[in-house]
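Notes to accompany the following structure.
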Amino acid sequence: MRSRFGAEPVGDLSQFNEGLYLFGVTDDSRDVRFGYVFCAVRGEKQDGTKFCRQAAAKGAQAIAVQSGVPVSALGLNDYELTKIAILRVPDVRAFYARLCARFHPGLPDTMVGATGTNGKTSTVSFLRDLWDLNGKSAVSLGTLGIQSRSHARTNLEAGLTTFDAKTLHIMLSELKTVHGISNVAMEASSHALHQGRLAGLAFDAAIFTNLTLDHLDYHKDMDAYYVAKAMLFRERLKPDGTAIINVDDPRGAELAAELKASRRRVITYSRRSPASDLQLVNRKSRPAGQDLEVSIFGRVCSIALPLAGEFQADNIMAAMGAAIATGLTADHVVEQAAKVSPVPGRLELVATTPAGAPVYVDYAHTPDALENVLSSLRPHVPHTGRLHVVFGCGGDRDTSKRPKMGDIASRLADRAWITDDNPRSEEPTAIRKAIIAGGPACVDAGDRQSALRCAIEEAGGSDIVVVAGKGHEDYQILPVRNELGAPILDESGRFELEKVLFSDQDLIRSLCR
Ligand SMILES: CC(=O)N[C@H]1[C@@H](OP(=O)(O)OP(=O)(O)OC[C@H]2O[C@@H](n3ccc(=O)[nH]c3=O)[C@H](O)[C@@H]2O)O[C@H](CO)[C@@H](O)[C@@H]1O[C@H](C)C(=O)N[C@@H](C)C(=O)N[C@H](CCC(=O)O)C(=O)O
Ligand SMILES: Nc1ncnc2c1ncn2[C@@H]1O[C@H](COP(=O)(O)OP(=O)(O)OP(=O)(O)O)[C@@H](O)[C@H]1O
Ligand SMILES: N[C@H](CCC[C@H](N)C(=O)O)C(=O)O
Ligand SMILES: [Mg+2]
């Protein structure tokens, strides 16, 4: 027997105007309640269509499936098929996100998305501050959770850089209606774009920071990774929205050219190109930050940026471009750029060793970021001193970056201490070996406690220590073990993982006492 709705392909949300009363949406059968739409998503680990029976039992009124999935695959009996609407949609993840937007309405007035391999968190944080300092009620959303300027350290860390569609729309709706937030700057990860988590949103401005090696475990090659990032501009930017693009990056230049050719609004930024709208014309480091001269639409402005790291000059240009695109004047933006807050765990000075070496914590977890952070610190190391780096690579993530990061650390640091960084379900020693395979000068320093101790004890008074890759994270992601110490498997046969409290920053401070 065929479902009452099953034979008809469903275009979009119009189905719901025809007397079908629905009360909520979820993509997790365990969360279904009476009157819900269950969106059956085929994921990396599970196939949501297998859970339709459970969704039906819990009171689903409609089930959305990818078109092409036969009704027989849903495992519903004849009775269920007569009672439940089967909605067949071309892209069930995107459909889900749009439904989330519909069930949780009320978006902040100004929405900006930032994508790129590195710099998203820093850029959205700066943009939030520029808005806030100009009187807007603003938050940033991303790797650090939800943050306002006044509560930079206390807000929730959500676990994903870009929240799942339902969490996102509930938050945006509450931010607008309960908390009166008008401006949101959010990170748009390539995973989220590819998985349609953002399909319920249209951005007023979108930022492209860069595209370098990462996440090939998921995207497979750089072209596919780029296509995922480009979706923010091709599909999620309002027709009259503005793209803010780093044209020093070859993919950024390509994207800017494509958008300009289709008569979209584009603001470019660059360290090198005088043709760009914002150009860094001069930069001088000082102990507490850096002095920048930035040409903004042809007018050179001075900015005393209170933060270290050349890459933060790129990120502040991106944020200034987006602030201007969303209504602030160049003068206001320049004035407030000197007041942006430090970003937790991004080239953050945490302590000084008893011998006198500063210890920085940074979130560089890609080859390009590691290269940037080591090159940024090198000029600050006296010629008698050494640059130490402590880092590892995440387990169950892109393996191709491991030897590359080993090579960079070997070449650009004087001492590279290799340790564990969220091994997840992988063997920590194997990850460390893979890093060292690319950088023979790297030293296997064992677990984080040992590695931090080695670096801090060995660093002399003229040295600098940087602990890269974990930034603000105060945990390690490890397998859950049973009482015999054996890893526990989840229902799809993979290691169940948990976050275990481990704060580099606390350990560094205690070792530096
Ligand atoms: C690989 C990946 O990105 N996976 C994400 C994806 O999960 P998935 O769709 O593959 O889920 P799945 O576990 O296979 O389940 C499939 C479907 O069955 C459903 N299900 C499952 C069990 C059940 O009993 N009933 C049921 O209905 C699930 O709810 C789901 O809808 O969608 C989920 C909801 O949005 C995410 O939580 C999940 O993120 C995982 C945990 C993850 O680690 N993602 C990382 C890689 C990620 O997204 N990282 C980026 C940052 C990247 C950057 O650095 O730029 C991020 O945005 O955080
Ligand atoms: N514009 C940039 N170019 C290159 N490297 C950068 C840039 N901005 C930051 N970095 C490096 O990348 C690290 C992470 O920065 P940030 O957290 O802002 O990036 P992200 O894109 O949000 O990362 P994630 O993908 O984990 O969310 C920094 O600690 C720094 O080492
Ligand atoms: N958002 C990044 C964070 C990586 C941080 C690093 N500590 C790790 O766990 O690999 C990712 O999902 O790749
Ligand atoms: Mg981030």
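The values are calculated or read from the model by the stated rules, or taken from the named source; none is laboratory data. Not measured: the values here are computed from a predicted model. Cβ atoms come from the backbone with ideal geometry, glycine included; neighbour counts cover every protein chain shown.
When the residues of the stretch 461-471 are filtered to those that are closer than 16 Å to Val390 by Cβ and out of contact with any Cys (no Cβ under 8 Å at 6 or more places or on another chain), the one that is farthest from ligand 1 (Cβ to nearest atom) is Asp463.
Give the stretch 310-328 a look and list any residue that's under 24 Å from Thr212 (Cβ atoms) and either surrounded by fewer than 17 Cβ atoms within 10 Å (Cβ to Cβ) or in contact with a Lys or Arg (Cβ under 8 Å, 6 or more places away or on another chain) (or both), or say none.
Glu310, Gln312, Ala313, Asp314
The single condition among (1) part of a helix (DSSP H, G or I); (2) within 25 Å of Thr117 (Cα to Cα) that Gly469 does not satisfy is (1).
Each residue in the stretch 253-309 was checked for being more than 23 Å from Arg378 (Cβ to Cβ), surrounded by fewer than 17 Cβ atoms within 10 Å (Cβ to Cβ) and not basic (Lys, Arg), and 12 of them qualify.
Looking only at residues that are within 33 Å of the chain's Cα centre (by Cα), among the small types (Gly, Ala, Ser) and within 16 Å of ligand 1 (Cβ to nearest atom) in the stretch 50-81, which one is nearest to Ala94 (Cα to Cα)? If we take residues in the stretch 50-81 being within 33 Å of the chain's Cα centre (by Cα), among the small types (Gly, Ala, Ser) and within 16 Å of ligand 1 (Cβ to nearest atom), then Ala64 is nearest to Ala94 (Cα to Cα).
Answer yes or no: is there a residue in the stretch 209-222 that is surrounded by fewer than 24 Cβ atoms within 10 Å (Cβ to Cβ) and in contact with a strand residue (DSSP E or B) (Cβ under 7 Å, 6 or more places away or on another chain).
Checking the stretch 209-222: not a single residue is surrounded by fewer than 24 Cβ atoms within 10 Å (Cβ to Cβ) and in contact with a strand residue (DSSP E or B) (Cβ under 7 Å, 6 or more places away or on another chain).
Just one of the listed residues (Val247, Val281, Val294, Val266) is more than 16 Å from ligand 2 (Cβ to nearest atom) and touching a residue at least 24 places away in the same chain (Cβ under 8 Å), and it is Val266. If the condition is being among the hydroxyl-bearing types (Ser, Thr, Tyr) and under 16 Å from Thr26 (Cβ atoms), then the stretch 158-172 contributes only Thr167. Of the residues screened, Leu193 is one that is at pLDDT 95 or above, crowded, with 16+ Cβ neighbours inside 10 Å and under 30 Å from Asp474 (Cβ atoms). Taken over the stretch 90-109, the criterion of being within 13 Å of Arg42 (Cα to Cα) and buried (at least 19 other Cβ atoms within 10 Å of the Cβ) is satisfied by Val92, Arg93, Ala94, Tyr96.
Restricting the stretch 223-261 to residues that are within 16 Å of ligand 3 (Cβ to nearest atom) and of a type outside the set (Lys, Arg), the residue that is nearest to Met405 (Cα to Cα) is Tyr225.
Of the helices (runs of 4 or more DSSP H) contained entirely in the stretch 151-222, those carrying at least 1 residues that are out of contact with any His (no Cβ under 8 Å at 6 or more places or on another chain), assigned by TED's automatic domain parsing to the domain that holds Thr123 and over 23 Å from Phe233 (Cα atoms) fall at 165-177, 216-219. Here the condition is being farther than 27 Å from Leu511 by Cα and either touching a His at 6+ places or on another chain (Cβ under 9 Å) or crowded, with 24+ Cβ neighbours inside 10 Å (or both); of Asp362, Asp398, it holds for Asp398 alone.
Residue count for the stretch 241-292, restricted to those that are at positive phi and not in a strand (DSSP E or B): 1.
Just one of the listed residues (Pro367, Pro358, Pro354) is within 16 Å of ligand 1 (Cβ to nearest atom) and either small (Gly, Ala, Ser) or modelled with pLDDT of 95 or more (or both), and it is Pro367.
A single entry from Gly446, Gly460 fulfils the requirement of being modelled with pLDDT of 95 or more, outside any helix (DSSP H, G or I), more than 29 Å from Glu498 (Cα to Cα) and not aliphatic (A, V, I, L, M): Gly460.
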